[in-house]
Amino acid sequence: MKRIILPGLLVTYSFAMGSGQPRLRRNPTNDELGPPQARSEMEKRILATLAGAIQAQELYANVPEPDGRMLRLLTESTGAKHVVEIGTSTGLSGLWFCMALDRTRGRLTTFEADTHRAAVAQEHFRKAGVEKMVTLVQGDAHQNVARLKEPIDIVFLDADKEGYIDYLNKLLPLVRPGGLILAHNVDMVPEYMKTVNARADLETLVYSQGGGLAVTLKKR
Ligand SMILES: C[S@@+](CC[C@H](N)C(=O)[O-])C[C@H]1O[C@@H](n2cnc3c(N)ncnc32)[C@H](O)[C@@H]1O
């Protein structure tokens, strides 16, 4: 059995060798896995709010569902207590974080420059019943992150792409060892990728489905 990864195709194929004909297999994509199943009333309410926002088109450049599910999975599995998000938009990625933070008894601090999108996000947080877990800071995040003083378990970068390195420099000192920096739309931030890959105190891998997510560990 030989396994190869074909760069750019984002799928892994397995070849069964030695049996005459190689058999070509493909790993399933997230779209083939089916929708998430709600386990609690809170999950049900958050999933309903996400579906309602999509139906009402209260959207702006939000993460696709597989990315949101990955954010939730990373947050819950690491037991994160404090997530900092740069780029709230209308709150969809924030809702995925809250699904995990409800379990970890954590909280989300999220930054958004646009007044209208910030207001829509607040309404989504209220509808989902997670508003007590969320602090939304409206205005330019490059300035406002300077007010953060408490340790961070996960940073999610999803605002102005040219600003990722500045956000990294400002927030990394607050990220606890073992914490994660997640950067969305990795194809749009080559300089950021070069920066994190060049550092011995960081370890980065890419989740290539959806919008593409660089997952960086701040080593212990
Ligand atoms: C890609 S969207 C975020 C999507 C959101 N994370 C989601 O998945 O629901 C980027 C957002 O970043 C905001 N943004 C851009 N530059 C910003 C800045 N300097 N400070 C705060 N927010 C900013 C934009 O207004 C926009 O709403």
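The values are calculated or read from the model by the stated rules, or taken from the named source; none is laboratory data. Here the structure is a predicted model, which means the values were calculated and not measured. Note that each Cβ is placed from the backbone with ideal geometry, even for glycine, and that neighbours are counted across all protein chains shown.
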Point to revise | Test set (1) more than 8 Å from the ligand (Cβ to nearest atom); (2) out of contact with any strand residue (DSSP E or B) (no Cβ under 6 Å at 6 or more places or on another chain); (3) in contact (Cβ under 8 Å) with a residue 12 or more places away in the chain - Ala80 fails condition number | key: (2)
Practice item. Quick one: in the stretch 34-87, of everything that is surrounded by fewer than 16 Cβ atoms within 10 Å (Cβ to Cβ), on the phi > 0 side of the Ramachandran plot and modelled with pLDDT of 95 or more, which residue is nearest to the chain's Cα centre (by Cα)? Key: Ala61
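Given the residues Tyr192, Tyr167, which is the only one that is farther than 20 Å from Ala80 by Cα and in contact with a Leu (Cβ under 9 Å, 6 or more places away or on another chain)?
Details: Tyr167 fails: farther than 20 Å from Ala80 by Cα.
Result of the check over Tyr192, Tyr167: Tyr192.
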Study note, to complete from the structure: Going through the stretch 141-160 in order, the residues found to be under 20 Å from the mean Cα position of the chain (by Cα) and within 8 Å of the ligand (Cβ to nearest atom) are Ala141, His142, Phe156, Asp158, Ala159, Asp160
Check your understanding: For the stretch 57-67, what are the residues that are farther than 10 Å from Leu92 by Cα and either acidic (Asp, Glu) or within 11 Å of the ligand (Cβ to nearest atom) (or both)?
Key -> Asp67
Review point. Residue check, Ile54 against (1) part of a loop (DSSP other than H, G, I, E, B); (2) within 14 Å of the ligand (Cβ to nearest atom), all met but one. Which one?
Key: (1)
Exercise for review: Among the numbered conditions (1) in contact (Cβ under 8 Å) with a residue 40 or more places away in the chain; (2) in the same structural domain as Val206 (by TED's automatic domain parsing), tell me where Thr90 comes up short.
Suggested key: (1)
Review point. Among the residues of the stretch 89-118 satisfying the criterion of being of a type in the set (A, V, I, L, M) and more than 12 Å from the ligand (Cβ to nearest atom), which is nearest to Gln57 (Cα to Cα)?
Key: Met99
Point to revise | Glu123 vs. criteria outside any helix (DSSP H, G or I), charged (D, E, K, R) and in the same structural domain as Gly178 (by TED's automatic domain parsing) | key: no
Practice item. Would you please list the contacts, defined by Cβ atoms under 8 Å and residues six or more apart or on different chains, that run from a residue in the stretch 54-77 that is closer than 24 Å to Ile152 by Cα to a residue that is within 11 Å of the ligand (Cβ to nearest atom) and among the β-branched types (Val, Ile, Thr)? Key: Asn62/Thr90; Leu71/Val63
